[in-house]
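Q: One structure coming up, written as structure tokens, with questions to follow.
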Amino acid sequence: SEIWDVCFGFAKSHLSFLSTYLNKLHSSFYIYEYDEGFVRNDLYPCVKWHLSSLSSAHASAATLFSASDTSKIRFRLAEDEALMEMFDGVAVWWQHHVKRRQDEDDERYFSLRMRASHRQLLLGRFLNYVRAHGKELELQNREKQLYTSDFSRSIPFHHPATFDTLALDPVQKQEIVDDLREFMEGEEFYKRAGRTWKRGYLLYGPPGTGKSSMIAAISNFTGYDVYDLELTAVSNNNDLRQLLMITTNKSIIVIEDIDCSLDLSDRANKSVSQSTNSKEDIGKKELETSHVTLSGLLNFTDGLWSCCGSERIFIFTTNHIGKLDPALLRAGRMDMHILLSYCTFSAFKLLAKNYLEVLEHDLFAEVEREMEGANFTPAAVSEILIQHRKNATAALENLLAALKSAKFNTCS
Ligand SMILES: Nc1ncnc2c1ncn2[C@@H]1O[C@H](COP(=O)(O)OP(=O)(O)OP(=O)(O)O)[C@@H](O)[C@H]1O
Ligand SMILES: [Mg+2]
């Protein structure tokens, strides 16, 4: 047994020498879910998403998950599972670690190992790639949430409207899509220019022209959550600020029908009525729309507090742009004013394609003529097309009849 002890001791010392030597050859990096002080590590979800795409193809053990309201199945690298990835012909090793802790949440982290000699060459470029790839996957797969009134609850947001289904002038549509894409990719620009990474859109136009549908399309395009802010339910400017602080990054904050939810047209009157305290006035104020003032709202979108997050899109909608205070419209406040108007022939063609699966039809030329000046909203056109979606000719004949009678009514 003495011989065994000697042999064992010898092997042990050599093994530990070997492992120290191997460790020196490799560099290890750890990506924890939370940094010290419970600060969320932005890199962690990127790595998680990045690895989820590799796991489906390469991991020998992965966990599978599917939420009840989606058909997608998500892969995750299983606990303690390791995975090798090739980047520019060089191998790196990932591992997923979970440390169980008593009375606390589990501690989760990923380790990344590579040959020490590759470290200089690879690390920066590789991590940038992982971050960009992870972010892209997160956006594609993320369950978008719709938050209502006080932002305390949310439901998964699965609105079917996309830029492909929106009937809009193609040039206008392209402008909006380009603007959104530029915004999403604009992190460097906003930093360089010293501006908060946010964008404001004012959607205006008659009812049924697609303002709400466009908000859904923007959410589907960006993958951002939607906070549907009901101003009449917010009691004062302070509460409004609190709400802003709850919203997460990558979100769309929507105030629909802004002219109806606030008396924004007359700032002077508003401040007078706020400074009076008689019971009658308070009663009147309750009947009024909201106690949030225009300056409170402007602070919400523009003030110091608006920079407490990033990648935010503010969208206001109105049917009556003329009723809005010029302060809300001035340059730089809402970055883009988007008019959604009556159905044009090119918008109609998109609806015909989506609703009737028709790209060309003998009646199209007549529809084009009648549509001019008929002031028919896309909502009204869609209604008719839905009713007769089984029979394209009947749908177009009914649409023509409706267009003609609308024109006749306007003329008479
Ligand atoms: N531009 C459009 N493209 C495709 N469908 C549209 C468009 N505009 C309206 N619709 C159809 O009409 C319905 C109503 O449109 P939507 O709610 O988006 O209008 P809105 O402009 O928000 O109206 P409101 O001012 O009354 O809120 C939508 O569900 C959609 O089916
Ligand atoms: Mg609407």
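The values are calculated or read from the model by the stated rules, or taken from the named source; none is laboratory data. Everything numeric in this text was worked out from a predicted model, so none of it was measured. A quick note on method: Cβ atoms are made from the backbone with ideal geometry, for glycine too, and the neighbour counts reach across all protein chains shown. The accessibility values were calculated without ligands, DNA or RNA, using every heavy atom of the protein model including side chains. Shrake-Rupley method; radii C 1.70, N 1.55, O 1.52, S 1.80 Å.
Q: Under a 5 Å amide H to amide H cut-off, with H placed in plane at 1.01 Å, what residues pair with Phe87 once short-range neighbours are removed?
A: Amide H to amide H, under 5 Å and 5 or more residues apart or across chains, Phe87 pairs with Val92.
Q: Using a Gaussian network model on the chain with a 10 Å cutoff between Cα atoms, which of Gln95, Gln174, Gln120 fluctuates the most?
A: Residue with maximal mean-square fluctuation among Gln95, Gln174, Gln120: Gln120.
Q: Among Leu329, Leu359, Leu294, whose mean-square fluctuation peaks in a Gaussian network model of the chain (Cα, cutoff 10 Å)?
A: Leu359
Q: Which whole-number percentage describes the relative contact order of the chain, with Cα contacts under 8 Å and a sequence gap of 6 or more? Before the final figure, lay out the partial values.
A: Numbers: 601 pairs, mean separation 59.4, N = 412.
Relative contact order for the chain comes out at 14 percent.
Q: A follow-up question, please. Using each residue's phi in region 187-192, evaluate 6.51 cos²θ - 1.76 cosθ + 1.60 at θ = phi - 60° and report the 3J(HN,Hα) Karplus result to the nearest Hz, with x for Gly and Pro.
A: The phi angles translate into 3, 4, 4, 5, 5, 4 Hz.
Q: Which Cα, out of Ser52, Leu122, His96, lies furthest along the positive dipole direction of region 2-142 (beta carbon charges, K/R +1, D/E -1)?
A: Of the options given, the answer is Leu122.
Q: Rounded to the nearest 500 deg cm²/dmol, what is the calculated helix-only ellipticity per residue at 222 nm for the chain, with -39500 (n - 2.57) per DSSP H run of length n ≥ 4?
A: -14500 deg cm²/dmol
Q: Taking the dipole about the Cα centre of region 76-196, with the C-beta of Lys and Arg at +1 and of Asp and Glu at -1, give me whichever of Leu180, Asn141, Leu77 is farthest to the positive side.
A: Leu77
Q: Among Lys198, Lys135, Lys99, which one shows the highest mean-square fluctuation when the chain is modelled as a Gaussian network with alpha-carbon springs under 10 Å?
A: Maximum fluctuation in the GNM of the chain, among the listed residues, is at Lys99.
Q: To continue, here is another question. Residue by residue, what Karplus-based ³J(HN,Hα) values in Hz, rounded to whole numbers, does region 250-256 have, using 6.51, -1.76 and 1.60 with θ = phi - 60° and x for Gly and Pro?
A: 6, 9, 10, 9, 10, 10, 8
Q: Go through region 124-134 residue by residue and turn each phi into a ³J(HN,Hα) via Karplus (6.51, -1.76, 1.60, θ = phi - 60°); whole Hz please, and just put x for glycine and proline.
A: Going residue by residue, I get x, 5, 5, 5, 4, 5, 4, 5, 5, 5, x Hz, with x marking Gly and Pro.
Q: Something else about it: Measure nothing fancy, just the Cα-based angle from helix 378-387's long axis to the longest principal axis of the chain, in degrees from 0 to 90, nearest 10.
A: Relative to the chain, helix 378-387 is tipped by roughly 90 degrees.
Q: Charges only on Cβ, +1 for Lys and Arg, -1 for Asp and Glu: so what's the dipole of region 42-91 about the Cα centre, in debye to the nearest 20?
A: Details: 4 positive and 7 negative charges, 46 e Å.
It works out to roughly 220 debye.
Q: What Rg and what Dmax come out for region 2-142 when only alpha-carbon atoms are used, in angstroms?
A: 18.5, 66
Q: Using Cα pairs closer than 8 Å and at least 6 residues apart in sequence, work out the relative contact order for region 345-411, in percent. Walk me through the numbers on the way to the answer.
A: Values: 51 pairs, mean separation 24.8, N = 67.
Once divided by the residue count of region 345-411, the mean separation gives 37 percent.
Q: Taking every Cα atom in the chain, find the radius of gyration and the maximum pairwise distance Dmax, and write them in Å.
A: Expressed in Å, the Cα Rg and Dmax of the chain come to 28.9, 115.
Q: With every protein chain kept in the model, how would you rank Asp5, Asp302, Asp325, Asp362 by accessible area, 1.4 Å probe, largest at the top? Working shown, then result.
A: Details: Asp5 105, Asp302 55, Asp325 15, Asp362 145 Å².
Largest accessible area first, the list is Asp362, Asp5, Asp302, Asp325.
Q: Could you tell me which of the pairs Lys72/Lys198; Lys144/Lys349; Lys353/Lys390 are separated by over 20 angstrom between their Cα atoms in the structure shown?
A: Lys72/Lys198; Lys144/Lys349
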